[in-house]
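**Student:** Got a structure for you, written out below as structure tokens; questions coming shortly.
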There are 2 protein chains.
Amino acid sequence: MQFPKTPNYSGYFAPSGVEAEVPCLPLIEGEIPADLDGSFYRVAPDPQFPPIASDDIWFNGDGMVTRFRFHNGNVSLQQRWVRTDKFRLEREAGHALFGAYRNPLTDDDSVKGKIRGTANTNVVVHAGKLYALKEDSPPVLMDPETLETLDSSYDFNGRMTSETFTAHPKIDPRTGEMLAFGYAAKGLCTRDMVFYVINPQGEISKEVWFQIPYYCMMHDFGFTEDYVVFHVVPIIGSWERLEAGLPHFGFDRGKPVHLGILPRDGEAGDMRWFSAPTCFASHVMNAHNEGTTVHFDVPMAPGNMFPFFPDTEGQPFEPREAAARMTRWTVDMRANDDDIAMTRLADLVGEFPRIDDRFAGAKNRYGWQLVQDMTRPVDLPNARSASGMMMNTLGLVDLETGKTDTYWIGPVSSLQEPAFVPRPGSSREGDGYIVVIENRLAEMTSRLLLFDALKLSDGPVATLGLPFRMRPGLHGNWVEAAALAPAAAL
Amino acid sequence: MQFPKTPNYSGYFAPSGVEAEVPCLPLIEGEIPADLDGSFYRVAPDPQFPPIASDDIWFNGDGMVTRFRFHNGNVSLQQRWVRTDKFRLEREAGHALFGAYRNPLTDDDSVKGKIRGTANTNVVVHAGKLYALKEDSPPVLMDPETLETLDSSYDFNGRMTSETFTAHPKIDPRTGEMLAFGYAAKGLCTRDMVFYVINPQGEISKEVWFQIPYYCMMHDFGFTEDYVVFHVVPIIGSWERLEAGLPHFGFDRGKPVHLGILPRDGEAGDMRWFSAPTCFASHVMNAHNEGTTVHFDVPMAPGNMFPFFPDTEGQPFEPREAAARMTRWTVDMRANDDDIAMTRLADLVGEFPRIDDRFAGAKNRYGWQLVQDMTRPVDLPNARSASGMMMNTLGLVDLETGKTDTYWIGPVSSLQEPAFVPRPGSSREGDGYIVVIENRLAEMTSRLLLFDALKLSDGPVATLGLPFRMRPGLHGNWVEAAALAPAAAL
């Protein structure tokens with residue numbers, strides 16, 4: 001059993017395959033605040049088997065969930081593969097059965113029609129349930145304490161009829177609801193989408209079906225007190241592409257972007273679509289509304305950010321066009337035109353935006369993100385991130401003052417997506433910590449770093465050694481211990 | 001929770017604490033013979049908690065068992081702590097309760113009288129059972145497939161009355177019996193010993209109680225077709241030492257060594273003791289008899305090999321006196337005197353002798369061992385083994401020709417104890433492989449190496465990367481898959 005010797009499977013991106021429990025991570029420097037009581041869950045694509053084809057993109061690997069449990073100043077680690085249907089079928093076979101990313105035409109005949117999800121994109125806790133998510137398939141439920149897979153195709157007790165569920169659901173701290181959606185919801189490459197409200201008890205309490213202007217990768221979304229916001233960006237796909245053996249998605253610079261605004265108390269007919277010239281945006285920092293004016297904040301690049309989803313017209317990938325900067329998209333539901341106003345919020349180049357999640361849907365002052373600081377030296381040829389960039393810096397943007405604060409991790413390391421950890425007992429925005437995994441590329445090892453969230457440039461307040469390399473991951477979240485208490489699991 | 005910053009807990013000796021399953025270890029070079037079907041089990045001391053005192057010796061850590069499963073050219077890894085009584089009690093408490101190595105006077109009051117064993121010294125399969133062993137306590141049974149602890153204090157269905165069971169039982173390939181013993185068998189520091197025969201069905205079929213000339217560390221023994229051989233070497237201990245807070249054992253160069261020979265079909269009265277001037281020997285390569293002449297082959301040093309068990313008269317540790325060379329001790333059960341004749345078998349300096357276990361108890365031609373090659377450069381200050389030596393070379397001694405063959409692992413690595421793996425289908429002595437863990441001290445990583453057993457100097461035929469550091473271990477064994485088949489577990 002040999003993995004390809006391609007960049008997707010080599011060096012720091014080599015598959016890990018380690019399922020583990022480690023009761024105490026060694027503290028290298030600093031101190032873990034003793035009052036932190038909760039877990040940082042994250043997930044990484046980690047292929048169980050070599051691909052059927054000679055290569056595959058990094059984020060088609062099987063979801064491997066890591067939990068860092070903070071308690072009494074100690075941090076333990078658990079890591080388990082999600083037992084998706086795909087994982088179980090392939091383990092039984094002893095080799096890969098599912099083919100290329102989002103292309104069922106490349107699958108082994110024996111698995112035609114099976115759920116292809118890898119559950120490798122995000123891990124989210126709501127109503128005491130741990131959801132492992134991939135946007136092309138239903139949620140997978142895991143036990144938040146043991147990481148055992150409980151349901152490989154959860155349908156909310158029959159209430160979810162969408163074929164898919166986003167990997168970026170949002171929890172509204174004001175209502176306790178989880179807001180979510182499915183795209184390609186009635187089948188691969190369909191324009192059908194559904195918006196779901198999941199009530200604090202974990203049940204679907206509302207659904208709105210609609211269609212997007214064109215089929216594309218609907219990776220994330222936003223919500224405000226009164227609206228839900230969907231950005232349509234031309235990472236397009238089609239059955240024709242799949243039949244031609246092309247990557248599922250490609251970047252079609254000929255298409256405009258759109259912003260769909262759905263009133264939270266409305267139905268599909270209340271939705272309004274706005275437009276702007278082509279650009280690229282994937283992850284959403286936050287959104288908020290002032291009356292009927294809706295603000296939607298995203299790292300935005302002029303051109304394609306995903307080299308593995310190439311330009312549909314064959315234009316070569318252009319790193320300078322892939323540089324994303326935090327940008328506010330503003331629309332007014334009462335406006336006569338359908339234009340989107342765009343305002344640059346900060347000059348930091350980067351992605352993976354995060355906020356103090358207690359301010360999700362409201363006007364937030366602080367945003368954290370990974371930053372690609374091109375002025376810094378890079379000592380390794382293979383020091384790339386998923387997007388081909390070197391995320392070498394942790395950044396904080398203060399939207400009130402416009403000031404930024406950054407911490408450069410050094411010439412031979414990069415960073416994975418950060419998450420915000422509130423300081424126990426404090427409700428002040430930004431009062432807390434940032435937890436982030438450092439990829440020590442020269443050593444092929446990883447560390448877990450904890451920063452004072454508002455003092456990034458002071459460096460980590462605690463540095464933990466990890467006993468094995470954390471393959472580059474996608475998303476993760478901090479979950480207070482209280483949110484996992486039996487009473488929370490209604 | 002912080003471990004001491006002493007050499008016993010730092011660098012490559014830092015606790016690991018990783019319980020893991022890894023389905024496929026990456027092959028770095030060479031090829032795993034596809035017909036190898038079996039498991040290499042090994043165990044390492046790996047403390048769950050920092051010691052009560054400010055330091056502790058390396059081999060008082062909790063037993064962490066690793067299984068490398070070879071099948072169809074793939075090698076998977078499992079690693080689990082043995083759930084000893086000590087482990088369970090301490091996990092419940094959240095900190096150490098048991099104190100210094102073999103000194104119950106240093107324990108927390110709450111665990112007085114509890115079994116102190118760590119099961120950290122050897123893992124042996126016999127009659128389908130996996131035994132995890134520490135010489136100061138009863139065997140622990142583990143599931144050989146899952147590494148789940150099945151019985152933390154196995155007594156052979158009530159037949160074992162000794163308080164202890166050796167970590168070096170021997171399996172007689174001729175009879176299928178497991179031969180074993182207990183020392184300090186009627187209590188700590190007692191001279192009482194018992195010899196056990198465990199039949200191929202796993203039941204105790206014979207026991208012989210006797211006393212040794214003085215209480216000492218009876219770490220290993222030998223057997224031949226007709227005899228069992230016990231070497232008494234002055235690594236002495238006493239309650240006075242424990243009360244004084246000294247290490248359990250010390251080296252008393254004033255005492256002679258003894259060799260006790262027990263006929264396998266005899267009783268205590270048939271035992272005969274032989275003597276020689278003081279020296280040091282711990283592990284046994286093999287033994288055999290020609291009529292009443294008994295040969296017993298051990299790496300032997302003129303002086304103390306264990307710096308952590310210091311000289312009882314305060315003499316400083318002398319590395320040159322700790323240099324062990326393979327030596328044959330020969331006695332004749334019909335001799336008029338009680339002298340032991342000693343013959344140097346090879347000039348290689350080292351320890352951890354192994355043989356092709358199909359020749360245990362018979363005259364073997366080949367012996368493998370770790371070698372400390374002082375002519376080689378060492379690039380790391382902390383590159384020590386348990387005995388303070390740098391085991392940097394794998395060695396083979398051909399006892400027929402007197403020739404040796406060695407492989408130097410390089411200036412920044414050391415090796416753990418090797419094990420012999422028979423080539424499937426072949427019964428010729430030495431026809432097979434040597435499996436050994438490489439400690440890559442500069443990188444703090446480990447690899448699993450497979451050598452052609454009779455061509456060590458050709459270098460590894462396969463090199464596997466391990467995803468996390470293997471803390472230095474003690475002993476391990478290769479077990480054919482067939483030996484774990486349900487039919488074998490009678």
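The values are calculated or read from the model by the stated rules, or taken from the named source; none is laboratory data. Owing to the predicted nature of the structure, the values given are computational and were not obtained by experimental measurement. Here the Cβ positions follow ideal geometry from the backbone for every residue, glycine too, while neighbour counts run over all protein chains shown. Quick note on the areas: whole protein, heavy atoms, side chains included, nothing else; ligands and nucleic acids left out. Shrake-Rupley method; radii C 1.70, N 1.55, O 1.52, S 1.80 Å.
**Student:** Calculate for chain A the 222 nm mean residue ellipticity that helices alone would give, adding -39,500 (n - 2.57) per DSSP H run of length 4 or more and normalising by residue count, nearest 500 deg cm²/dmol.
**Tutor:** It lands at -500 deg cm²/dmol.
**Student:** How large is the dipole of the stretch B:346-444 about the Cα centre if only Lys and Arg carry +1 and Asp and Glu carry -1, each at its Cβ, rounded to the nearest 20 debye?
**Tutor:** 140
**Student:** Taking both sides together, what accessible area is buried at the B/A interface, probe 1.4 Å, expressed in Å² and rounded to the nearest 100?
**Tutor:** 1400
**Student:** Further question on the same structure: What distance in nm lies between label points placed 7 Å from Cα along the C-beta direction at residue A:278 and residue B:292?
**Tutor:** Computed distance between label sites residue A:278 and residue B:292 equals 9.9 nm.
**Student:** A follow-up question, please. To the nearest whole number, what is the average tally of beta carbon atoms from other chains within 10 Å of the beta carbons of peptide A:309-319?
**Tutor:** That average works out to 0.
**Student:** Sticking with this one: Starting from the coordinates of the alpha-carbon atoms of chain B, obtain the Kirkwood hydrodynamic radius over all distinct pairs and give the value in Å to one decimal.
**Tutor:** 22.6
**Student:** Put a dot 7 Å past each Cα toward the Cβ at residue B:53 and residue B:244; how far apart are the dots in nm?
**Tutor:** Those two pseudo-labels are separated by 1.4 nm.
**Student:** Leaving out ligands, DNA and RNA, what percent of the accessible area of chain B is carbon and sulfur, probe 1.4 Å?
**Tutor:** So the carbon and sulfur contribution to the accessible surface is 50 percent.
**Student:** Find the accessible area per residue for chain A; the probe is 1.4 Å, ligands and nucleic acids are left out, and the unit is Å².
**Tutor:** Here the per-residue accessible area is 36 Å².
**Student:** So if we plug the beta-carbon distance of residue B:199 and residue A:412 into 1/(1 + (r/R0)^6) with R0 = 45 Å, what FRET efficiency do we get, rounded to 0.05?
**Tutor:** In this case the efficiency is close to 0.15.
**Student:** So, by mean Cβ neighbours within 10 angstrom, what's the order for A:109-122, A:195-208 with the highest one leading?
**Tutor:** Order by mean packing, descending: A:109-122, A:195-208.
**Student:** Sorting check: for B:240-252, B:318-330, which peptide has the highest mean count of neighbouring beta carbons within 10 Å, and how do the rest follow?
**Tutor:** B:318-330, B:240-252
**Student:** Right, another one. Hey, with R₀ at 41 Å, roughly what FRET efficiency would residue B:174 and residue A:88 work out to, going by the Cβ-Cβ distance, to 0.05?
**Tutor:** 0.35
**Student:** Once the other residues with Cβ under 11 Å from the Cβ of residue B:43 are scored (Lys, Arg +1; Asp, Glu -1), what is the net sum?
**Tutor:** So the surrounding residues net to +2.
**Student:** Return, ordered by residue number, the residues of the stretch B:60-103 whose backbone nitrogen is under 19 Å from a label point located 7 Å along Cα→Cβ of residue B:143.
**Tutor:** From the stretch B:60-103, the list is B:64-70, B:76-85, B:88.
**Student:** Which value in nm describes the separation of the simple spin-label points at residue B:109 and residue B:10, placed 7 Å from the Cα toward the beta carbon?
**Tutor:** For residue B:109 paired with residue B:10, the spin-label model returns 3.6 nm.
**Student:** How crowded by other chains is A:280-289, given as the mean number of beta carbons from other chains within 10 Å of each beta carbon?
**Tutor:** Per-residue shielding by partner chains comes out at 0.
**Student:** Solvent-accessible area of residue A:273, probe 1.4 Å, all protein chains present, reported in Å² to the nearest ten, please.
**Tutor:** Around 70 Å² of this residue is reachable by solvent.
**Student:** Let me ask another. If you take each beta carbon of peptide A:10-18 and count the beta carbons of other chains within 10 angstrom, what is the mean?
**Tutor:** The shielding value for this peptide is 3.
**Student:** Roughly how many Å is it from the Cα centre of the stretch A:322-363 to that of the stretch A:383-456, as a whole number?
**Tutor:** 20
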